[in-house]
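K.L.:
This is the structure I have questions about; it appears just below.
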Amino acid sequence: MILEIFPAKELRGSIQVPGDKSISHRGVIFGALSNGTTRLKNFLMANDCKSTIEIFRKMGISIDIQKNNTVLVHGKGLKGLSEPTSLLDAGNSGTTARLLLGLLSGQNFDSILTGDESLRNRPMDRVSIPLRQMGALFDTGIKGDFLPITIKGSNRSGCLKPIDYTLPVASAQVKSSIILASLYASGSSTIRQPTLSRDHTEIMLDTFGGNIHVDDDNTITIHPTTQLYAQDLTIPGDISSAAYFITAALLAPKSQIVLENVGINPTRSGILEVYQSMGAKIDIVKNNQATKEPTADLVVRSSSLNGTIIEGDLIPRLIDELPIIALAATQAQGTTIIRDAEELKVKESNRIDSTVNILKSFGADIQATSDGMIIRGPTPLFGTSVKPGSDHRTVMMAAIGGLIAKGSTIIEDAQWADISYPNFFSELEKLRY
Ligand code: S3P
């Protein structure tokens, strides 16, 4: 799909961004493993989460999609999944693939997990290495640990072995994969994290009645459990989706918008801290603080920004927002340096290269480094034609670029926004004043 985007004179209004992608996936997974029916309100009905739903349906879990983005997962308990009769397809979703590799390792049946072309080229060894240490058996192709992978559950005798594993990189997908496998281990497992990454799995396992403990030094211990209990959950708005509109309102002239009920879990809210330190006018009006997944309404106004340095422990707390933050940095006074972000290279695209290439074609002064980018601003952006390929986050970043560039911008591959934000372009138009 090819779209033309015109500059915005002013953005006004209030929107509710869709439910959090990471939490939606986990809601289906823990719902399926629980006894009883889990109700997930404000579920993200986007392609990635639909892939997770389809996979669980193929393993015998009945899932009803109701009106208003409510999903009912009729769980069958920790040992209730059944052997799929066809391939399990994670589509474009790295989270689905990596979390499912952990879960499927603990089942006593065989399964084959695959994905689309982009996902088949993303590394799975980050999860297969610790999972093999737990006794998981995988058959891979000649390329090594890339999808499609056969998980040989039926050849394993008994439970998986517990593990004590230090994550080489702070990755929520890797720790979550090990946590899910640990539910099928013969004893308690320990995961040591170099830096805190998003903690939705830990929160959700605890909420569903699992036995998980997180120490002050970010060490996670998972004890065996026999049963999880169905829950009624309202999923917060996705801060990673809100990031596009936050940035649009900061950069477009005379703008003021409200984003309602956005999740502000501290492991995800790095973008708010960075933007505020750059001079952004963002008011965080807190709503429901009683839950472990707190939400807030965000009031965002046009702002003059200054360059900054983004590095270290901050990176996992805003990893998916770095392409859109890079766009904001092109409009900030001074130099912005993003470092310690090598992980960007193994996302839906190599996001250091793809972000730099897209922003360069708008006329930005941006340079790729081995672990991030250097951006000098402010530079005027000019409408361009971009082909972001199958990376939803760079598609949406380019669209916001088009809003603040002079002239019109052509975006090819615009349909890929559906991976995480099905109504993205119509919501964007609603904010034009
Ligand atoms: C995710 C974790 C992040 C993030 C991805 C979603 C998750 O990846 O980039 O979009 O839901 O666990 P890593 O933490 O593995 O870098």
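K.L.:
From the set of residues in the range 174-198 that are among the basic types (Lys, Arg) and crowded, with 23+ Cβ neighbours inside 10 Å, which is nearest to the ligand (Cβ to nearest atom)? Reasoning before the result, please.
P.N.:
Restricting attention to the range 174-198, the residues satisfying the condition of being among the basic types (Lys, Arg) are 175, 192, 198.
Retained after the next criterion (residues that are crowded, with 23+ Cβ neighbours inside 10 Å): 175, 198.
Values: LYS175: 8, ARG198: 6 Å.
Checked the range 174-198; the qualifying residue nearest to the ligand (Cβ to nearest atom) is ARG198.
K.L.:
Could you check, for the range 407-424, whether at least one of its residues is touching a Leu at 6+ places or on another chain (Cβ under 9 Å), among the β-branched types (Val, Ile, Thr) and assigned to a helix (DSSP H, G or I)?
P.N.:
no
K.L.:
Got at least one residue in the range 123-134 being away from the ligand (no atom under 16 Å from the Cβ) and either farther than 24 Å from LEU87 by Cβ or touching a residue at least 40 places away in the same chain (Cβ under 8 Å) (or both)? Before the answer, list the steps.
P.N.:
Filtering the range 123-134 down to residues away from the ligand (no atom under 16 Å from the Cβ) leaves 132-134.
Subset that is either farther than 24 Å from LEU87 by Cβ or touching a residue at least 40 places away in the same chain (Cβ under 8 Å) (or both): 133-134.
There is at least one residue in the range 123-134 that is away from the ligand (no atom under 16 Å from the Cβ) and either farther than 24 Å from LEU87 by Cβ or touching a residue at least 40 places away in the same chain (Cβ under 8 Å) (or both).
K.L.:
Any residue in the range 311-331 that's under 19 Å from LEU251 (Cα atoms) and of a type in the set (Asp, Glu): show its pairings with residues that are within 16 Å of the ligand (Cβ to nearest atom) and assigned to a helix (DSSP H, G or I) at Cβ separation under 6 Å, as long as the two are six or more apart or on different chains.
P.N.:
That search, which allows pairs on different chains as well, returns GLU321/ALA243; GLU321/ILE271.
K.L.:
Hey, does the range 333-352 have a residue that's away from the ligand (no atom under 16 Å from the Cβ), surrounded by 24 or more Cβ atoms within 10 Å (Cβ to Cβ) and not in a strand (DSSP E or B)?
P.N.:
No, the range 333-352 contains no residue that is away from the ligand (no atom under 16 Å from the Cβ), surrounded by 24 or more Cβ atoms within 10 Å (Cβ to Cβ) and not in a strand (DSSP E or B).
K.L.:
Can you tell me which of ASN69, ASN47, ASN42 is within 15 Å of the ligand (Cβ to nearest atom) and farther than 23 Å from THR226 by Cβ?
P.N.:
On the way: ASN69 fails: within 15 Å of the ligand (Cβ to nearest atom); ASN42 fails: within 15 Å of the ligand (Cβ to nearest atom).
Answer to the check: ASN47.
K.L.:
Looking at the range 195-208 only, could you name the residues that are in contact with a Ser or Thr (Cβ under 7 Å, 6 or more places away or on another chain) and not basic (Lys, Arg)?
P.N.:
First, pick out the residues of the range 195-208 that are in contact with a Ser or Thr (Cβ under 7 Å, 6 or more places away or on another chain): 196-201, 208.
Correct list: LEU196, SER197, ASP199, HIS200, THR201, PHE208.
K.L.:
Based on what the data block shows, is SER154 in a helix (DSSP H, G or I) and either surrounded by fewer than 22 Cβ atoms within 10 Å (Cβ to Cβ) or not assigned by TED's automatic domain parsing to the domain that holds SER269 (or both)?
P.N.:
Numbers: in a helix (DSSP H, G or I): yes; either surrounded by fewer than 22 Cβ atoms within 10 Å (Cβ to Cβ) or not assigned by TED's automatic domain parsing to the domain that holds SER269 (or both): yes.
Spelling it out, SER154 is indeed in a helix (DSSP H, G or I) and either surrounded by fewer than 22 Cβ atoms within 10 Å (Cβ to Cβ) or not assigned by TED's automatic domain parsing to the domain that holds SER269 (or both).
K.L.:
Taking the range 353-374 on its own, how many of its residues are surrounded by fewer than 24 Cβ atoms within 10 Å (Cβ to Cβ) and assigned to a loop (DSSP other than H, G, I, E, B)?
P.N.:
Residues meeting the conditions: 4.
K.L.:
Check GLN333, GLN289 and return the single one that is at pLDDT below 95 and not aromatic (Phe, Trp, Tyr).
P.N.:
Working: GLN333 fails: at pLDDT below 95.
One residue alone meets the criteria, GLN289.
K.L.:
From the list GLY377, GLY401, GLY383, which residue is on the phi < 0 side of the Ramachandran plot, surrounded by 24 or more Cβ atoms within 10 Å (Cβ to Cβ) and not charged (D, E, K, R)? Explain how you work it out, then say what you get.
P.N.:
Values: GLY377 fails: surrounded by 24 or more Cβ atoms within 10 Å (Cβ to Cβ); GLY383 fails: surrounded by 24 or more Cβ atoms within 10 Å (Cβ to Cβ).
Testing whether each residue is on the phi < 0 side of the Ramachandran plot, surrounded by 24 or more Cβ atoms within 10 Å (Cβ to Cβ) and not charged (D, E, K, R) leaves just GLY401.
K.L.:
Where residues in the range 157-173 are farther than 16 Å from LEU113 by Cβ and within 16 Å of the ligand (Cβ to nearest atom), which of them is surrounded by the most Cβ atoms within 10 Å (Cβ to Cβ)?
P.N.:
At the first step, the residues of the range 157-173 found to be farther than 16 Å from LEU113 by Cβ are 157-172.
Of the ones still in play, those that are also within 16 Å of the ligand (Cβ to nearest atom) are 165-172.
Working: TYR165: 21, THR166: 11, LEU167: 20, PRO168: 11, VAL169: 15, ALA170: 22, SER171: 22, ALA172: 25.
That would be ALA172.
K.L.:
Return yes when LEU272 is buried (at least 18 other Cβ atoms within 10 Å of the Cβ) and without any contact (Cβ under 8 Å) to a residue 40 or more places away in the chain and no when it is not.
P.N.:
Values: buried (at least 18 other Cβ atoms within 10 Å of the Cβ): yes; without any contact (Cβ under 8 Å) to a residue 40 or more places away in the chain: yes.
So LEU272 fits the description; yes.
K.L.:
Can you tell me which of (1) assigned to a loop (DSSP other than H, G, I, E, B); (2) under 19 Å from the mean Cα position of the chain (by Cα) is the one SER118 doesn't meet?
P.N.:
(1)
K.L.:
Go through ILE191, ILE246, ILE203 for me and flag whichever is touching a Lys or Arg at 6+ places or on another chain (Cβ under 6 Å), modelled with pLDDT of 95 or more and either part of a helix (DSSP H, G or I) or of a type in the set (Phe, Trp, Tyr) (or both).
P.N.:
Criteria check complete, one pass: ILE203.
K.L.:
Another question about this same structure. Which number in (1) touching a residue at least 60 places away in the same chain (Cβ under 8 Å); (2) within 16 Å of the ligand (Cβ to nearest atom); (3) among the β-branched types (Val, Ile, Thr); (4) more than 22 Å from VAL262 (Cα to Cα) marks the one condition that THR226 misses?
P.N.:
(2)
K.L.:
What about ILE324, is it under 19 Å from the mean Cα position of the chain (by Cα) and either closer than 26 Å to GLY237 by Cβ or at pLDDT 95 or above (or both)?
P.N.:
Working: under 19 Å from the mean Cα position of the chain (by Cα): yes; either closer than 26 Å to GLY237 by Cβ or at pLDDT 95 or above (or both): yes.
Yes.
K.L.:
Out of THR96, THR85, THR114, THR150, report the one residue that is within 16 Å of the ligand (Cβ to nearest atom) and either within 22 Å of SER390 (Cα to Cα) or at pLDDT 95 or above (or both). Spell out how you get there, then give the answer.
P.N.:
On the way: THR85 fails: within 16 Å of the ligand (Cβ to nearest atom); THR114 fails: within 16 Å of the ligand (Cβ to nearest atom); THR150 fails: within 16 Å of the ligand (Cβ to nearest atom).
Every option except THR96 fails the conditions.
The values are calculated or read from the model by the stated rules, or taken from the named source; none is laboratory data. Given the structure is predicted, the values throughout are model-derived calculations rather than measurements. Glycine gets a Cβ as well: all are built from the backbone with ideal geometry, and neighbour counts include every protein chain shown.
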